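Presented below is the structure to which this report refers.
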Amino acid sequence: MELHEGPDPSVPFLDTVEGEIAFFRSLMRARPIGLHRHFHVLSIRTVIHQDTGRYVTIDDTWQKLQSCYNIEALESLVRSIPSGEKKNLTPTSIPFSSSGRRGL
């Protein structure tokens, strides 16, 4: 039995256990939907780097978000809520993507 010392370079970092843990922890701090979604993705990228010392690209971050969540459904959900009511949001139902994955 042969043990591999380093991470497999063919597997994207965000698809490793360490990468996914850092990714989901960073999602707790920044919600990448709404008007400032691009700034929140930058924040997610920064937090991943701070937690792991690894840089991930913005494109890799968006791809991971899209593989886990139906971003379009979440965006339409946020757009459908009047701006005055957004301050008092409480969780209701979570939209599911066609693949069965939950929305944010």
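The table below lists the values:
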| read-out | value |
| --- | --- |
| Complete set of residues in the range 26-41 that are out of contact with any Ser or Thr (no Cβ under 9 Å at 6 or more places or on another chain), surrounded by 14 or more Cβ atoms within 10 Å (Cβ to Cβ) and assigned to a helix (DSSP H, G or I) | L27, R37, H40 |
| Leading residue by the ranking (surrounded by the fewest Cβ atoms within 10 Å (Cβ to Cβ)) among those in the range 44-71 that are of a type in the set (S, T, N, Q) and within 17 Å of I21 (Cβ to Cβ) | Q50 |
| Hey, R37 charged (D, E, K, R) and out of contact with any Lys or Arg (no Cβ under 9 Å at 6 or more places or on another chain) or not | no |
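No value in this document is a laboratory result; all are computed from the given coordinates. Since we're looking at a predicted model, the values are computed, not measured. FYI the Cβ positions are ideal-geometry reconstructions off the backbone, even for glycines, and counts take in every protein chain you see.
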